[in-house]
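Below is one structure, written out as structure tokens, with a few remarks after it.
A short reminder: the numbers here are calculations on the coordinates, not readings from a lab. Nothing here was measured: the structure is a model prediction, and the numbers come from that model. Neighbour counts are summed over all protein chains in view; Cβ atoms, including those assigned to glycine, are modelled from backbone coordinates with ideal geometry.
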Amino acid sequence: MRTLCSILCCGALPPLVAFLGVLALTFDDGPESSGLNPVLDVLVKHGVKATFFWNTPNLQPGAPPAHKAAALRAVQQGHDIGSHAAEHLDLTKLAPEQLEQQIAWGIGNISSLTGSSTVPLFRAPYGAGFWNTDKAPSSNIAHLWSVVRQHHIHVSWNIDGRDWAVGGDKDKCEQYFNVYGPPTVQQGLSGIVLMHAAPWGIGICPDTLDRLIQYWKEAGYRFDTVSNIVQVIYGISPDAVVEQAQTCLNKT
């Protein structure tokens, strides 16, 4: 209990709380069909489950149906689905009521897709408020933490090849194999990998993702979802972790 309470005081899962030789592939942004479907194809090929953090404009009525269809495919394939807030905004810069709307809308739109009333996993856009916390007023960060931990575990990362800089240029795909692959193995890294299942990220480079997963497998890595890592570490589900964190906070 003490360990759980201390770790979740701000509603965050430390990115290095993982197991040696295990990688959790996480994909931000979207759902956007042209970036998501190629990623899902590769994951199916390798039998890998991943964790997606979505913004939700493409899940709302009136959005192109292809995006929602791709999102449903991810759900049906058994991947973790987390919130990336309703819109890709720096949450530390929002007024309290705007922040609360972003969290609530994200939960509502994803819940309507998955059929689950809860969305326990969350990643703030840009990691704002959980990374580089010296760049925002402490009062804004405190409010962000207080809102997030009512509903979510914030999931950070420790392996980041900045794939968003692909920017839709397929000629840059090869460099991302070199950024993500060999350094992870050579440095013996395990943990949470940040990518983007979007046409501005590795979603436009499915062959690169295919090679990366194969490379990591041959190096002895296993793959797991964030939910499973949480379950093994704490012995309870992500939803139960959120509930338990509230109990801890109510006692402080």
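Here are a few things to note about the model shown:
- The gain in end-to-end length when the Ser116 to Gln214 segment is fully stretched comes to 32.0 nm, 0.36 nm per residue minus the alpha carbon separation.
- The Cα-based radius of gyration and maximum Cα-Cα distance (Dmax) for segment 2-251 are 17.3, 54 Å.
- For segment 33-147, the dipole from Cβ point charges (+1 on Lys and Arg, -1 on Asp and Glu) about the Cα centre works out to 340 debye, to the nearest 20.
- Amide H contacts for Ala85 (H built 1.01 Å from N in the peptide plane; partners 5 or more residues away or on another chain; cut-off under 5 Å): Arg123.
- Each peptide in 179-187, 115-123 gets a packing score, the mean of other Cβ atoms within 10 Å over its residues, and the list from highest to lowest is 115-123, 179-187.
- Electrostatic dipole magnitude of segment 2-251 [Cβ: Lys, Arg +1; Asp, Glu -1; Cα centre; debye, to 20]: 440 debye
- Length released on extending from Ile236 to Asp160, taking residue separation times 0.36 nm less the Cα-Cα span: 24.6 nm
- Selection from Pro125, Gly235, Ala86 lying farthest towards where the dipole of segment 2-251 points positive, charges on Cβ: Gly235
- Furthest towards positive pole of dipole, Leu43, Ser139, Leu189, structure part the chain, Cβ charges: Leu189
- Taking amide H as placed 1.01 Å from N in the peptide plane, the amide H of Val22 sits under 5 Å from that of Gly191, Arg222, each at least 5 places away or on another chain.
- A helix-only calculation puts the chain at -14000 deg cm²/dmol for mean residue ellipticity at 222 nm, using -39500 (n - 2.57) for each DSSP H run of at least four residues, averaged over all residues.
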